[in-house]
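Take a look at the structure below.
The values are calculated or read from the model by the stated rules, or taken from the named source; none is laboratory data. What you see is a predicted model, and the numbers here were worked out from it, not measured in a lab. With ideal geometry, Cβ positions are generated from the backbone for all residues, glycine too; neighbour counts draw on all protein chains shown. To get the accessible areas, we keep the full protein, side chains included, count just its heavy atoms, and leave off ligands, DNA and RNA. Shrake-Rupley method; radii C 1.70, N 1.55, O 1.52, S 1.80 Å.
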Amino acid sequence: MSEILGRELGWEDNIEKDSGDFVLLPEGDYDFIVESFERARHGGSEKLPPCNKAIIKLKVETESGLAYITHNLFLHTITEGMLSAFFAGIGQKKKGEKIAMNWTLVPGSTGRAKVGIRKYTNKSGETREYNEIKKFYPKENPNADKGFEAGRF
């Protein structure tokens, strides 16, 4: 997993990789693959107390190139519905089912989500845009990634 997340550079290290083109997806529904996730901590806010969080990096392949979307999942009862939606979206959970979140199966999982565009103003006063996940769609066949088909051996 360390290669996916990269590594720290030293002050004297060589660099060569150029900046890639940023792909902003139009709003809509897209298939994704979970490239990686990182365990982190949310420091607390007005709406949510301090809690664990998973920083999920999703990859979307399009004709315009690869788009990457970072999505935070907060591990708190207030956001349990969002956690359920994510795990249903990658096929680990069915509606109404109680499960233990299996984070080891998250990288490489696939799903479909509604992607939106969020605008913000940076420190220089410029308006910028980035993609955000609006909704995860439940996976139609939760066992599709596992090569399992009911009634087949």
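Restricting to region 102-118, and then to whatever is hydrophobic (A, V, I, L, M, F, W, C) and surrounded by 14 or more Cβ atoms within 10 Å (Cβ to Cβ), can you tell me which residue is farthest from P26 (Cα to Cα)?
L105
Conditions (1) modelled with pLDDT of 95 or more; (2) surrounded by 15 or more Cβ atoms within 10 Å (Cβ to Cβ); (3) part of a loop (DSSP other than H, G, I, E, B), marked per residue:
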site	(1), (2), (3)
S36	yes, yes, no
A100	yes, no, yes
Y120	no, no, no
N141	no, no, yes
F153	no, no, yes
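So for region 47-56 (the condition being of a type outside the set (D, E, K, R), touching a helix residue (DSSP H, G or I) at 6+ places or on another chain (Cβ under 6 Å) and either surrounded by 15 or more Cβ atoms within 10 Å (Cβ to Cβ) or in a strand (DSSP E or B) (or both)), does at least one residue qualify?
Scanning region 47-56, I find no residue that is of a type outside the set (D, E, K, R), touching a helix residue (DSSP H, G or I) at 6+ places or on another chain (Cβ under 6 Å) and either surrounded by 15 or more Cβ atoms within 10 Å (Cβ to Cβ) or in a strand (DSSP E or B) (or both), so the answer is no.
Among the residues of region 73-96, which ones are open to solvent by 60 Å² or more (accessible area, probe 1.4 Å) and under 18 Å from K47 (Cβ atoms)?
Passing the criteria: T77, I78, E80, M82.
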